[in-house]
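The values are calculated or read from the model by the stated rules, or taken from the named source; none is laboratory data. Computed from a prediction, not measured in an experiment: that's the story for all the values here. No Cβ is skipped: glycine too gets one built from the backbone with ideal geometry, and neighbour counts run over all protein chains shown. Only protein heavy atoms, including side chains, enter the accessible area calculation; ligands, DNA and RNA are left aside. Shrake-Rupley method; radii C 1.70, N 1.55, O 1.52, S 1.80 Å.
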Protein chains: 2
Amino acid sequence: MSPEKVIIAIVDDHPVVIQGLKSMLQNDQFFYIAGTFIDGKGILNFIRSNAVDIILLDITLPDTNGIELCKEIKRKTPHTSVIMISNRSERSIIMQCIQNGASGYLLKNATMNELTASIHGALSGNIVFSEEVKEIISKPSVKELIGFPRLTKREKEILKMVTEGKTSVMIADELFLSPLTIDTHRKNLMHKFGVNNTAELIKIAIQQNMI
Amino acid sequence: MSPEKVIIAIVDDHPVVIQGLKSMLQNDQFFYIAGTFIDGKGILNFIRSNAVDIILLDITLPDTNGIELCKEIKRKTPHTSVIMISNRSERSIIMQCIQNGASGYLLKNATMNELTASIHGALSGNIVFSEEVKEIISKPSVKELIGFPRLTKREKEILKMVTEGKTSVMIADELFLSPLTIDTHRKNLMHKFGVNNTAELIKIAIQQNMI
DNA sequence: TTTTTTCTACCTAATTTTAGGTATTTGATT
DNA sequence: AATCAAATACCTAAAATTAGGTAGAAAAAA
């Protein structure tokens with residue numbers, strides 16, 4: 001491998017997509033595909049001992065979600081650029097990825113030209129979007145203008161359990177915590193979302209894809 | 001092209017997926033890819049003047065949905081086998097496809113082996129599924145067995161207001177009813193859905209698109 | 001190392017929901 | 001006219017949530 005090549009890793013749980021990306025990128029002599037992975041564990045393990053320039057990362061993965069994984073990758077190897085490749089077009093998701101250090105966001109219907117252009121763009125330090133994504137982020141909806149609050153790990157965990165219909169006592173049992181602690185977290189969650197009861201909390205959480 | 005080759009067409013709105021399928025199938029000397037299409041119009045037009053053995057068909061397409069398209073294809077060219085390729089794993093969707101004449105259903109995380117095996121299987125007149133799909137169709141979910149309950153007009157109205165975060169008192173005020181009446185309706189709603197609290201009620205209602 | 005955030009846990013009290021019922025009235029269907 | 005589903009309203013009592021705090025320990029960031 002000549003040193004001037006761009007080292008690329010692909011993370012996607014769909015073999016077809018991996019194959020597609022690989023075959024698209026192999027046409028370009030400047031790209032070298034160092035590895036392909038079907039889950040988060042695989043890529044995290046790989047970057048511990050291998051330098052990678054670009055990671056093409058799917059949002060939905062079997063063992064974790066791409067948004068969290070992106071954060072993790074940027075924390076461990078900040079010099080690696082992450083380009084998200086997803087079929088989710090919700091603005092909130094795109095924004096979260098950028099927040100977590102992603103250098104770009106492409107929908108899966110992106111063309112080959114968009115893909116290669118994005119990689120070159122990301123290498124130059126730009127944040128890159130496919131055409132469709134650009135449109136989505138350019139017009140924030142009224143709802144999203146408020147922005148959704150940033151939740152802690154624990155809060156996300158408890159929010160999920162609340163949407164599953166579990167009571168504070170049940171959650172406390174499951175997490176080996178005091179029910180009073182769960183109540184505090186619920187209180188904080190409602191305060192962050194600006195709502196007054198569980199019903200609104202769940203509705204917003206589902207609408208914002210936070211669960 | 002030698003006549004004994006299997007003539008294949010691919011329909012998917014994601015260039016990456018098309019590329020992936022193509023590159024997977026090109027390794028097999030018995031397969032000939034006659035065309036790739038990103039929408040329903042394209043393939044319908046193509047089969048008017050070209051014989052095709054197998055169509056790999058995505059569920060989600062820009063101009064129509066794969067389920068209807070499958071029906072249309074089978075109506076026009078019954079000798080062509082359609083294999084659905086989708087990332088939707090809902091039992092109801094899979095069943096509809098089979099109903100509409102599909103010869104198989106693969107999830108997008110299917111392996112290359114599953115793909116080629118499915119094509120050969122479909123050519124032999126079998127209906128083929130990837131492993132994961134087999135599991136899904138073998139065990140109907142509890143939810144689907146029960147089916148979702150029939151709600152009365154009033155119940156739907158109150159369910160909607162509950163999901164908006166309104167308390168029984170607020171709803172009662174708005175509808176000029178006793179709060180106790182609202183409680184009864186909520187009780188009946190929960191009973192019909194088989195849940196124990198508002199959280200589960202809302203989650204199910206949203207998931208079933210009842211609100 | 002210092003600072004800040006997050007997680008933990010408690011207090012009191014009011015409000016709301018949930019679980020068992022029962023029962024009358026209204027409106028449609030037979 | 002009789003019947004049945006739907007809508008209304010009530011009873012009691014337990015369980016759960018919500019609102020207003022405070023505060024120490026642990027973890028992460030600066």
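Data for the structure
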| item | result |
| --- | --- |
| Residue list for segment A:196-208, filter: assigned to a helix (DSSP H, G or I) and open to solvent by 20 Å² or more (accessible area, probe 1.4 Å) | A:Thr198, A:Glu200, A:Lys203, A:Ile204, A:Ile206, A:Gln207 |
| Residues of segment B:181-192 that turn out to be β-branched (Val, Ile, Thr) and more than 8 Å from DNA strand C (Cβ to nearest atom), as a count | 1 |
| Positions within segment B:166-190 being of a type in the set (Ser, Thr, Tyr) and surrounded by fewer than 20 Cβ atoms within 10 Å (Cβ to Cβ), in sequence order | B:Thr167, B:Ser178, B:Thr181, B:Thr184 |
| Counted residues, segment B:150-165 - those being open to solvent by less than 50 Å² (accessible area, probe 1.4 Å) and more than 10 Å from DNA strand D (Cβ to nearest atom) | 4 |
| Enumeration of residues in segment B:156-184 that are under 33 Å from the mean Cα position of the chain (by Cα), over 23 Å from A:Lys166 (Cβ atoms) and more than 10 Å from every other protein chain (Cβ to nearest Cβ) | B:Lys156, B:Glu157, B:Ile158, B:Lys160 |
| Filter pass, B:Pro140 being modelled with pLDDT of 90 or more and either more than 11 Å from chain A (Cβ to nearest Cβ) or more than 12 Å from DNA strand D (Cβ to nearest atom) (or both) | no |
| Residues being within 11 Å of another protein chain (Cβ to nearest Cβ) and more than 10 Å from DNA strand C (Cβ to nearest atom) - total across segment B:195-211 | 6 |
| Within segment A:81-96, considering residues that are closer than 23 Å to A:Leu25 by Cα and touching a helix residue (DSSP H, G or I) at 6+ places or on another chain (Cβ under 6 Å), the one most open to solvent (accessible area, probe 1.4 Å) | A:Ser81 |
| Flag for A:Ser89 being assigned to a helix (DSSP H, G or I) and not charged (D, E, K, R) | no |
| Contacts under 7 angstrom Cβ, first residue in segment B:92-110 being farther than 15 Å from B:Ser130 by Cβ, partner not in a helix (DSSP H, G or I), 6 or more apart | B:Gly101/B:Val82 |
| Residues located in segment B:162-180, provided they are assigned to a helix (DSSP H, G or I) and either without any contact (Cβ under 8 Å) to a residue 12 or more places away in the chain or within 11 Å of DNA strand C (Cβ to nearest atom) (or both) | B:Val162, B:Ser168, B:Val169, B:Met170, B:Ile171, B:Ala172, B:Asp173, B:Pro179, B:Leu180 |
| All helices (runs of 4 or more DSSP H) inside segment B:1-76 with 1 or more residues being open to solvent by less than 70 Å² (accessible area, probe 1.4 Å) and in contact with a Cys (Cβ under 7 Å, 6 or more places away or on another chain) | B:66-76 |
| Flag if B:Gly42 is of a type outside the set (Asp, Glu), on the phi > 0 side of the Ramachandran plot and away from every other protein chain (no Cβ under 14 Å) | no |
| Any hit, segment A:115-124, residues being at pLDDT 80 or above, within 16 Å of DNA strand D (Cβ to nearest atom) and either within 13 Å of another protein chain (Cβ to nearest Cβ) or surrounded by 19 or more Cβ atoms within 10 Å (Cβ to Cβ) (or both) | no |
| Residue selected from segment B:97-111 under the condition assigned to a loop (DSSP other than H, G, I, E, B) and under 28 Å from A:Ile18 (Cα atoms), by the criterion most open to solvent (accessible area, probe 1.4 Å) | B:Thr111 |
| From the options B:Phe129, B:Phe193, residue that is at pLDDT below 90 and open to solvent by 40 Å² or more (accessible area, probe 1.4 Å) | B:Phe129 |
